[in-house]
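Here is the structure we will look at.
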Amino acid sequence: MKTGTASSRLALVASYAILLVCAALFFLPVAFMIVASFKPDDLVLGEAGTWRALVPTDASLSNYADVFERVNFARYFMNSVVITGAIVTAGLLVNSMVAYAFARMRWRGRKLLFGFVLALLILPFEAIAVPLFYQMIEFGWRNSYQVQIVPFIANAFSIYLFYSFFLQIPREMEEAAAIDGAGSWRTFFTLIVPLAKPAFATVAILSFLMHWGNYLWPLMVVDYETYRPLPVGLAEFQTLPPIQWGDIMAFGVMMVLPVLVVFLVFQKGFVRGVAASGMKH
Amino acid sequence: MNQPTGHRSSTGIGALGKIVRFAVFPVAACCVLLFSACGPSELPAYDRDGRKLVHVWVHSGQAAERETLETQVATFNAAQDEIRVLKTIVPEGDYNARVQAAALSGDLPDLLEFDGPFLYNYVWQGQLRPLDDLLPQAIRDDLLPSIIEQGLYDGALYSVGVFDSGLGLYADRSRLEEIDVRIPEGVADAWTADEFDAILEALSDKADGRAVLDLKVNYTGEWYAYAFSPILQSAGADLIDRQSYGSADGVLNGPEAVAAMTRVQEWFARGHVHPNIDDAAFVDRVAALSWSGHWDYGRYAEALGDDLVLLPPPDFGRGSRTGQGSWNWGITRRAHHPDAAMRFLTHLLEPDEILRMTEANGAVPARRAAIERSERFAEDGPLRLFVDQLEASAVPRPRTPGYPVITSVFESGFQDIRDGADVRRVLDRMVRIIDQDIEDNQGYPRG
Amino acid sequence: MGNRSRQSGGFLTGRTAEALCLAGPALLGLLLFVAAPFAIALILSLTNFRMGTPLETQFVGLEQYRRILGDEAFRRALLNNAVFALVVVPVQTGLALGLALLLNRQLRGRVLFRTLFFMPVVFPMALVAVVWQVLLAPGPDGLINSLMGILTFGAWTPRDFLRDPQFALPAIMLMSIWQGVGFQMVIMLAGRQAVPEHLYEAASVEGAGAWRQFLHVTLPGMKNTIFFVVVVTTILAFRLFDQVDILTQGGPRHATTTVMYEAVRATFAEARVARAAAMTVVFFLIVVGLALVQRRLMKEEREIT
């Protein structure tokens, strides 16, 4: 990059200006939510149309206390962690295994089955939600954790990402392992898995993002708060009279803050993971 | 970066890699556990101490209502040690959807609360058991006729309510006095629709054109059919032909219905109706009129004090009409202990308990014994109008298993009308869907 | 993502049993929880199956399809999905690309910027909808209404965005873009960083300006990344449900209804499961169609370059 010329300095200033404006617009809803979570309920809407929307008037923690008093927030949070955690970890295991079999092994039916996975890649969950709901009734799985976990473990998209990544691993390493007498299982777990860390990181994050916000499905299959995850908890809290926007915003902040922290920690790994997966050229 | 970055480990990825490695074992173990624990999700019939469990679903309701039921459950559980009542709160907006989903998988509780007119559909589907053999005759004889009427289907009683509903027009007296308008005394001299339109205009002028009417459009679900089908009936129309329950054609889309709903559309078009997204338009004294039910009485009385007046809904031609029927209780066929469920229900139906609830939610007590003891519903009590309306101008919602479709169609149709769609076309579409549903169900044959 | 380097008949032959063990769990999951439900949907859509009815279910042929295609609400839902995709896919992809390219420069505070743009991604849609409901509040007291008032020097008439047939869908698009763009941006950023720097140096030596570098180095270099982002965003656009369910319930006048919203409503509010199944199948056919079109475009692209 040339430096020092007037035009490139102008470009730099323009970049900053655009980024600053965009950043401000992006941050506005977040700031509003955080500020509102500390305000008395009537001021949330009352001050929304003024600059005071971003000023924590009469700040207190009472909205946060209200949330815990009015609903079982801790339970919802734990449910979400258990459900999403189980989907992600189990998904990493089974999807990477099948991807390895597709990418690295030659066996009868491989092409056919891989075609089957590719076809399912474009079938969105929503398209099967209703019949799956009936199927879950047949299984007797409504109102449980497994109904929110098991159907989502195997995922065509994750398989595809692992597959693309495994294709790039140099073959010589496996050959060396094969000469040492290692079978496919051992090769996979001791050689491929450590090599594929970035792919695991990427799939973990993608699948976390995909399932942490699940709303439609738990709405259909869960009646009791024993198994209710956060998004449904929020939607119900939002319609539970009296409508108190401060409380709702406090619920929101608590719902998103821990995830945000985790993501700030993993951010670098994520960018690197995406770069290292099959999405590049 | 063409080589996979396997051996380099940033903080994030290194930690994750470890997690992945150590997760393999627990995950495999979890899967085994999950699959072994996947029997049908039957609700337990007894607790650890051998007490009978009665699972109850209730609607979320207003805060005071919820707290009252909380107390009632607690006192009932404390008063004896054979039965324990466990309650689950279900949001009102999609209550029926939840019931339907749970019914399919056998997850319904023992005792189910539901909004009046859904009863017929649940009975038709075989979800509820008759109460005739369980309900003490003395209580039955003391219940309001409207409560019994609501619970009857095919000659058997399937539900009882602790209260009946009151729907009216709450008004801010000081605002009405500002525009110098007559305040109706009762059902007989309700405002005519023309008068009502003029009042909206006058109130709006006084308020610099701001919205003055609260129609509770922040609600979702049953509210629309409950609150606004009386407008149709007052105009001489209805949701469905009540003789045959076979078609809505000519009834829901006749000229009377079109005229009445066009008038409602005008209220929206002129900006008189408050969006009320925080449900505070009336208590903040922005709206001067609130079309609402008994459940808002406590909140409103507290906010407006002596300025609160309760009026009958306006007369669209055939006299003022209002809704009736409310949340009531049925015992499901899958209940393990119907007698235990009825014991809890009998507890709720004690005059003291009825009054405790109606004091909290402003509803009309379901038993005469309770009405007599209530100051609010006495001859010159503030809510006497609700009792009078039940005798004079209340119309029950259609008693047909097709009701869930009717109310769903009416709700979305009302939204369309609110948003300015052609009234006649909207009503025709509603009729088409309702009639098709009836046809698809072979006319909902009985027995 | 071709795999030209693989020689046929490699050393890993004859391990079908082992491979099936590795592949088994995931394939079983896909079969049981994705393929089977879809097959059920296909069958149900040809019946008059209803939830909870004591009446017998009958085969009605293509009646359900005839009905939904004749239903104005469903047709509007299809249109809304299409409009949503046509607007959101290019805008979101373009914005993500733009932000990624800006952030790829050696700017001070780029980590902070990246974090800010990425932040909404961790917001579940249910929460996004709730927060935006307040931001979009009607009347002059709403934050966005008042912001528009300031930006237009008072010429803006406050609106009830979510109840306004013209503004409801754009409002939902706006919040969806806000929520989703940070994610695409990170992928774009990774894609951009994978373009070898020497190509830019070479272009620079040949005297190519920033614009021509963008056209001839950046775009071809990021082709696969952009394609990936477009595919994912398109599929997400067709899945639109949560925002609609929480904010507008499909209104006003079906202005925000979507195929998924109609299907869920048919199932749970009206118990018409067969109807919902037919919607599901139509929905799937559309997604397949889109995927085929995209694949073909991609192929042509490959043949040209």
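Coordinate-derived values only; no laboratory data. Computed from a prediction, not measured in an experiment: that's the story for all the values here. Because the Cβ atoms are built from the backbone with ideal geometry, glycine has one as well, and the counts that use them run over all protein chains shown.
With a 10 Å cut-off around each Cβ of B:416-426, the average count of Cβ atoms from other chains is 3. Within a Cβ distance under 11 Å of B:P382, other residues only, what is the Lys/Arg minus Asp/Glu net charge? My count for the surroundings of B:P382 gives -1.
Per DSSP H run of at least 4 residues, take -39500 (n - 2.57); add these up for chain B, divide by its residues and hand me the 222 nm value, nearest 500 deg cm²/dmol.
-13500 deg cm²/dmol
Spatial offset of the range A:118-175 relative to the range A:9-33 amounts to 38 Å, using the alpha carbon center of each.
The mean of 1/r over all pairs of different alpha-carbon atoms in chain B, once inverted, gives a Kirkwood hydrodynamic radius of 24.1 Å. Expressed in Å, the radius of gyration and Dmax of the Cα atoms of the range C:26-304 are 22.6, 78. With the alpha-carbon atoms of the range A:6-62 aligned to their principal axes, the span from lowest to highest coordinate is 53, 20, 14 Å, starting with the largest. Entry for the protein assembly as shown at q = 0.08 Å⁻¹: log10 I(q)/I(0) = -0.86, Debye formula applied to identical alpha-carbon scatterers, no solvent contribution.
With Cβ to Cβ distances under 13 Å as the rule, what net charge do the other residues near A:N63 carry (K, R +1; D, E -1)?
Every neighbour counted, the sum reads -4.
Give me the distance between the Cα centres of the range B:162-210 and the range C:80-113, rounded to whole Å. One Cα centre to the other: 52 Å. Here the contact order of the range C:26-304, divided by its residue count and restricted to Cα pairs under 8 Å and six or more residues apart, works out to 31 percent.
Its relative contact order, with pairs defined as Cα atoms under 8 Å and 6+ residues apart, puts chain B at 24 percent. In terms of surrounding Cβ atoms within a 10 Å radius of their Cβ, A:K111, B:K87, C:K223 rank from fewest to most as A:K111, C:K223, B:K87.
Charged neighbours of C:R67, selected by a Cβ distance under 14 Å, balance to -2 (K, R count +1; D, E count -1). In chain A, helical runs assigned H by DSSP with n ≥ 4 each contribute -39500 (n - 2.57); averaged across all residues and rounded to the nearest 500, the mean residue ellipticity at 222 nm is -22500 deg cm²/dmol. Loop-resident GluC sites (Glu not before Pro) (DSSP state other than H, G, I, E or B) in the range B:116-220 with no more than 13 further Cβ atoms inside 10 Å of their Cβ: B:E185. Okay, helix-only estimate at 222 nm for chain C: each DSSP H run of n ≥ 4 adds -39500 (n - 2.57), divide by all residues, round to 500 deg cm²/dmol; what do you get? Dividing the helical sum by the residues of chain C leaves -20500 deg cm²/dmol. The angle separating the long axis of helix A:73-104 from the principal Cα axis of greatest extent in chain A is about 20 degrees.
Debye sum, Cα scatterers, the range A:46-132, no solvent: what log₁₀ I/I(0) at q = 0.14, 0.15, 0.17, 0.23 1/Å? With one equal scatterer per Cα and no solvent, log10 I(q)/I(0) is -0.80, -0.84, -0.94, -1.17.
Remark: mean inter-chain Cβ contacts per residue of A:14-23 equal 5, using a 10 Å Cβ-Cβ cutoff to other protein chain atoms. Ranked for footprinting exposure by Cβ neighbours inside 10 Å, fewest first, B:H274, C:H198, B:H347 give C:H198, B:H347, B:H274. Compared with the dominant Cα axis of chain A, that is its longest principal axis, helix A:245-276 is turned about 30°. Just checking the listed ones, B:F316, B:F196, B:F163: in the Gaussian network model of chain B with Cα springs under 10 Å, the one fluctuating most is B:F196.
Counting other Cβ atoms within 10 Å, which GluC sites (Glu not before Pro) in the range B:346-380 have at most 13 and lie in a DSSP loop?
B:E375, B:E379
Relative to the dominant Cα principal axis of chain A, helix A:230-239 is inclined by about 30°. Compute the separation of the alpha-carbon centres of the range B:409-440 and the range A:52-99 and state it in Å as a whole number. For the range B:409-440 versus the range A:52-99, the Cα centre distance is 40 Å.
Neighbour counts of other C-beta atoms within 10 Å: give me A:R142, C:R272 arranged from fewest to most. Ascending Cβ contact count within 10 Å gives the list A:R142, C:R272.
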